[in-house]
1. Could you please report the charge total around SER453, scoring K, R as +1 and D, E as -1 over all other residues with beta-carbon less than 11 angstrom from its beta-carbon?
2. What's the angle, to the nearest 10 degrees (0 to 90), between helix 423-432's Cα axis and the longest principal axis of the chain?
3. With labels modelled as points extended 7 Å from the Cα through the Cβ direction, what inter-label distance (nm, one decimal) is found for LEU261 paired with GLU484?
4. May I ask what percent, to the nearest 5, of DSSP beta bridges between residues of the chain are antiparallel?
5. Please give the Cα centre distance for the stretch 452-516 versus the stretch 96-131, rounded to the nearest Å.
6. If I model a spin label at PHE76 and GLU506 as a point 7 Å from the Cα along the Cα→Cβ vector, what separation in nanometres do I get?
7. Using 0.36 nm times the number of residues separating LYS183 and HIS212, minus their current alpha carbon distance, what extension gain do you get?
8. Describe numerically, in nm with one decimal, the distance between label points set 7 Å from Cα along Cα→Cβ at ASP465 and at VAL203.
Amino acid sequence: MAATSHSLLSPAPTSLPRARLAFPAVRAVAPRRRPYFPAVAAAASSMASSDADEKKETKLWGGRFEEGVTDAVERFTESISYDWQLYKYDIMGSKAHASMLAAQGLITTGDRDIILEGLDQIEKQIQDGKFEWRKDREDVHMNIEAALIEKVGEPAKKLHTARSRNDQIVTDLRLWCRDAIDKILIRIKQFQVSLVLLASKYVDLIVPGYTHLQRAQPVLLPHLLLSYVEQLERDAGRLIDCRERVNFCPLGACALAGTGLPIDRFKTAKDLKFTAPMKNSIDAVSDRDFVLEFLAANSIAAIHLSRIGEEWVLWASEEFGFLTPSDSVSTGSSIMPQKKNPDPMELVRGKSARVVGDLMTVLVLCKGLPQAYNRDLQEDKEPLFDSVKAILGMLEVCSEFAQNISFNSKRIQSSLPAGYLDATTLADYLVKKGVPFRTSHEIVGRCVALCVSKNCQLTELEMDDLKAVHPVFEADVYAYLGVENAVNKFISYGSTGSEQVKKQLEDWRVQLGINP
């Protein structure tokens, strides 16, 4: 449901006089009149006109007010255009609250049953698209409560006993975040599975590893792909930790001070599957640190996805040619018929900016707010909803992309000789011969300089060439040269050595429940 748009009217700009070095005597100047535009004047007059003749519904909170808010204020303060998405959780919380009120004798069981039946009917109306969301009722809570009063009458007026919209909205939001986190965790696992399956297709493929975007050492492609899987696992861990802190119940904190009525907040928390009620009623309604933590976790995940997108976009370029996306995950150009663009991953890279921006919005929103609830906090929902929508989409398309790409083994293998990727392994060889590493580093550097002068690879140096650099070299050195030999020499835990990578792949297959 889109928000009603309206224009902000601003004066026509006037040019400023150019600065002078000397200040002239002050002269009286007639003020410049603003240009007269009849259409603008009519619109301004319409906005300013009174709606006294139009019958407006009395607000549920309007007992002490003698007149209603203006249309401009109503448009500016409404949140139903986006917080309607919380209806499921608002109804869930209202049902739990009604049941608790009845259990405590604050309403009758008959009233409870009428309320629960009415809420069921409203939920079905919403799901069937037959519910009228009214902006004059401001938000999701007032829309549902007013509709319930219309539907069942007096019993519905008892529902708001011992609660406020302040604790109601933060309860809805925590319930929404809990489900959103669960959905993101599922998408993360799906992407991890896609990466592991992709890695399993290229178990022995060696690719250049880069630091500073310069060729560094040879690595197995599965080792690189599994590095993404590890990062995603930490993303999942942050969300799981966040979910634990989200899962505490604010309901019953009321506006900020709690209530003098004998409510049972532990029952409400249990019925809504929260860990426990929040301990401090002021804290319960006033802080959005759980939203910030959620947005921060999403932002870190988005950065990881953006880096994957960047690498795959580079690898799909003609300059690299390491990766080819299928037509099903590519787009073309409106003017250049030959183009095949990896647009999904470019947009993954781009949408990460939205997710980080959403975090910044709520950080600034919360900065400097006094305790307890402030209406500013209404602005937390749109960035939250946007962040979750973006991250779910990014994860989904990353999984799709991973399932529809191939790595160009021949192109990659033909590129491997460039860059002296086996240089560090040669230094390890010298260390095993008893040469201090710093000396080994210097010796290998001279070997590389010799290769540059001879326009050859380290594997192509004759023994006499190597001996001329340093007499420590022996015939067994050639078992360390070349990218295949170099990869096979890696033995440390977590390294790119073949046995280590095979073990990593197997561990992830087990952890993710992937059948062999």
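1. That works out to +1.
2. In the chain, helix 423-432 runs at an angle near 60 degrees to the longest axis.
3. If labels sit at LEU261 and GLU484, their model points lie 7.9 nm apart.
4. 85 percent
5. 68 Å
6. If labels sit at PHE76 and GLU506, their model points lie 6.7 nm apart.
7. 6.9 nm
8. 3.5 nm
Rule-based calculations on the coordinates, nothing more; no lab input. For clarity, every value in this text was computed on a predicted model and none was experimentally measured. Cβ atoms come from the backbone with ideal geometry, glycine included; neighbour counts cover every protein chain shown.
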